[in-house]
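Below is one structure; the comments refer to it alone.
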Amino acid sequence: MSDYQNAIEISGLTKKYDGFTLDNISFNVPKGSIMGFIGQNGAGKTTTIKALLNIIRADSGSIKMLGMDNITHEYEIKENIAAVFDELPFHEEFTAKNLSVMFSGLYKNWDNAKFSEYLDRFQLPQRKKVGKFSKGMKMKIQIATALSHGAKLLIMDEATTGLDPVVRNEMLDIFLEYLQDESNSILMSSHITTDLEKVADSVTFIDRGRLLISGYKDDILDTHGVIKCSKADFKEIAAEDFISARINEFGAEVMVADRAAAKQKYSGLTLDKTTLEEIMLFYVNKDKKEWS
């Protein structure tokens, strides 16, 4: 594998379907980091991931993973990455024991001892059919297989959806542990922004197939803010100074992308810090500008 700075480089990715277009998406996932890939259901997260994994062919654009073109070097890349999905991709009749036999034939670097270690750690039975596993166990068996063949890149597609908070926290701890090796990276698609707030280094928001914002999480949280004010005060805020505004009977909440500038210009108004969830909400309503 060549030396590379970004675990994933997506440039101008476009895919047209009837009624949906993934529209000219570009972003990078720096090596050694975890990127939260955020958007509502149907925003285009799964389409992007399927293009990464070459499950679907993009209409235009280029994708590099681990420094290699995702189509030319597909097999070499797949040897060194792992994908974890919301739905279990294994046959329901398989047991953990069957999986270890199957994967040792698939991956050059498959480590049976490591796999057994994860099964013990996650308290997963060796001989029970995976179709009979609970939602949390199905997720854990995917994570166990993903982490047992030396993958340098983990791609998670809504992988923590539907898990209880205890299991979700356990998963997040494992991801952070995995990232202690600085050559490992994660792209984690989710609409559960609180999880990503805990672990992500950077975030990329997409909505209706378009890229809204991409960058380091702390920078995005530091630069954005919410002005809380009366409707009369809201009328004084210039349209170009805010992303969108949520209007209710008591007043307005106004999302700004440059907190420092807004603080100076509208010094009389209350300006609060914000969360990824709020940022997503206000950006999704960007076209409407005002909403309730």
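The values are calculated or read from the model by the stated rules, or taken from the named source; none is laboratory data. All values reported here derive from a predicted model rather than from experimental measurement. Note that each Cβ is placed from the backbone with ideal geometry, even for glycine, and that neighbours are counted across all protein chains shown. SASA here: full protein model, heavy atoms, side chains in, ligands and nucleic acids out. Shrake-Rupley method; radii C 1.70, N 1.55, O 1.52, S 1.80 Å.
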Long-range neighbours under 6 Å by Cβ, at least six apart or interchain, first residue loosely packed, with under 15 Cβ neighbours inside 10 Å and of a type in the set (Ser, Thr, Tyr) within the stretch 219-230, second at pLDDT 95 or above and outside any strand (DSSP E or B): none
Selection from the stretch 84-99 of residues that are modelled with pLDDT under 95 and either open to solvent by less than 40 Å² (accessible area, probe 1.4 Å) or of a type in the set (A, V, I, L, M, F, W, C) (or both): VAL84, PHE85, LEU88, PHE90
Members of the stretch 172-188 that are modelled with pLDDT under 95 and surrounded by 20 or more Cβ atoms within 10 Å (Cβ to Cβ): PHE175
Residues located in the stretch 38-67, provided they are of a type in the set (A, V, I, L, M) and on the phi > 0 side of the Ramachandran plot: LEU66
All positions within the stretch 16-43 that are open to solvent by less than 60 Å² (accessible area, probe 1.4 Å) and touching a Lys or Arg at 6+ places or on another chain (Cβ under 6 Å): LEU22, PHE37, GLY39
Cβ-Cβ under 8 Å pairs, at least 6 apart or on other chains, the stretch 14-34 side without any contact (Cβ under 8 Å) to a residue 40 or more places away in the chain, far side assigned to a strand (DSSP E or B): ASN28/ASN6; ASN28/ILE8; ASN28/GLU9; ASN28/ILE10
Residue ranges of strands (runs of 3 or more DSSP E) in the stretch 1-92 with at least 3 members among the β-branched types (Val, Ile, Thr): 6-17, 20-30
Residue check, SER189 among the hydroxyl-bearing types (Ser, Thr, Tyr), assigned to a loop (DSSP other than H, G, I, E, B) and either free of Cβ contacts under 8 Å to residues at least 24 places away in the same chain or under 30 Å from TYR17 (Cβ atoms) (or both): no
Per-region count, the stretch 232-271, residues assigned to a strand (DSSP E or B), open to solvent by less than 50 Å² (accessible area, probe 1.4 Å) and either modelled with pLDDT under 95 or of a type in the set (D, E, K, R) (or both): 1
Condition check for ILE186: in contact with a strand residue (DSSP E or B) (Cβ under 9 Å, 6 or more places away or on another chain) and on the phi < 0 side of the Ramachandran plot: yes
Residues of the stretch 192-212 classified as surrounded by fewer than 23 Cβ atoms within 10 Å (Cβ to Cβ) and part of a helix (DSSP H, G or I), total: 5
First in the stretch 264-292 and of a type in the set (S, T, N, Q), second anywhere and not in a strand (DSSP E or B), Cβ under 6 Å, 6 or more apart: THR274/HIS224; ASN285/SER244
Qualifying positions in the stretch 100-158 - within 17 Å of PRO89 (Cα to Cα), open to solvent by 30 Å² or more (accessible area, probe 1.4 Å) and hydrophobic (A, V, I, L, M, F, W, C): VAL101, MET102, LEU106, MET137
